[in-house]
1. Label Ala186 and Arg243 with points 7 Å out from Cα along Cα→Cβ: what is the distance between them in nm?
2. Can you run the Rg to Rh ratio on segment 151-213? Use alpha carbon positions and the Kirkwood inverse-distance Rh.
3. Order 6-12, 180-186 from most to least packed using the mean count of other Cβ atoms within 10 Å.
4. For segment 26-41, take each phi angle, set θ = phi - 60°, evaluate the Karplus expression 6.51 cos²θ - 1.76 cosθ + 1.60, and give the result in whole Hz per residue in order, putting x for glycine and proline.
5. What ³J(HN,Hα) values, in whole Hz, does the Karplus curve 6.51 cos²θ - 1.76 cosθ + 1.60 give for segment 166-182 when θ = phi - 60°, with x put for Gly and Pro?
6. Computed on alpha carbon atoms, what radius of gyration and Dmax characterise the chain, expressed in Å?
7. If the chain between Ala14 and Gln205 were fully stretched, how many nm would it gain, using 0.36 nm times the residue separation less the Cα-Cα distance?
8. If you find the alpha carbon centre of segment 1-50 and of segment 74-92, how far apart are they in angstrom?
Amino acid sequence: MAALAERLAALTAAIAEACARAGREPAEVQLIAVSKLQPAAAVAEALAAGQRDFGENYAQELRDKRRELAPDPLAAAARWHFIGPLQRNKAHLVVGQTCLIHSVDSLALVQALAARAQRLRETSPGFVQDCLIQVSVAGEAQKAGCDPAELPQLLDDFAAQAAAADGALRCRGLMCIPPAEGGAEAARPHFQRLRALRDAARVTQRPHVDLLHLSMGMSQDYAVAIAEGATLVRVGTAIFGARPAHA
Ligand SMILES: *Cc1c(COP(=O)(O)O)cnc(C)c1O
């Protein structure tokens, strides 16, 4: 087995173990292989090993990588997740190109995504772009993510924008990136907070908002995230090895 396939298999087993410890079914947790800054060949290798969900952080890189992979017979089976900060003027590169946008954190971005999604719906009836709201759980103002105190308002705004876009946008849950310092245990209270925010927000029914998912946990702390209720874990380094630096 190639090294990457071995790492994927070990990770899948470790995720199943973390689920068992938490009394959860492995099917409740989906592994997203974070391929940002990794070459298309590495994605092709992961596809060949059976991985289907991939996470990318940069809109142009996503577009270019998909073009490069297109001749691969397995490329059509890949599901792409957008997990990085997204500029409004890049909405067209991501809406309709990804199964889930994890990093929605402002009304302005919701508006840009809704406008693009509504346009796609005109030519593809029934088109819906799924999104998550990214929350700045540690309250770090300079970081991406909406302030936890502003989450209910942003969800209200999301519902209104989605309705105005004929339902072309849908919110499926929340995402967070805890501070990197301190290791896995330091992340636990942040994961707990995201789950509590989700549970509290769920009490209010909003059209086009259905808070099913918690996208949390990366290479160093996915097991803790699973214990705290993650449904989507985003793992890069533990699958692909170290990343080249971003240019
Ligand atoms: C890079 C990245 C990851 C993966 O991080 P690893 O530590 O390599 O597992 C997960 N989520 C987001 C948002 C990222 O930017």
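None of the figures in this text is laboratory data; all of them are computed from the coordinates on show. These numbers come from a predicted model, not from an experiment. Positions of Cβ are backbone-derived with ideal geometry, glycine not excepted, and every protein chain shown enters the neighbour counts.
1. The modelled label-to-label distance comes out at 1.9 nm.
2. We get a ratio of 1.08 for segment 151-213.
3. The densest-packed peptide leads the list: 6-12, 180-186.
4. Ordered by residue, 3J(HN,Hα) equals x, 5, 7, 10, 9, 8, 9, 7, 7, 9, 4, 6, 9, x, 4, 4 Hz.
5. Those phi angles translate into 6, x, 6, 10, 9, 9, 10, x, 10, 9, 8, 10, x, x, 6, 6, x Hz.
6. Rg then Dmax for the chain, in Å: 17.4, 50.
7. 65.2 nm
8. The distance from the Cα centre of segment 1-50 to that of segment 74-92 comes to 19 Å.
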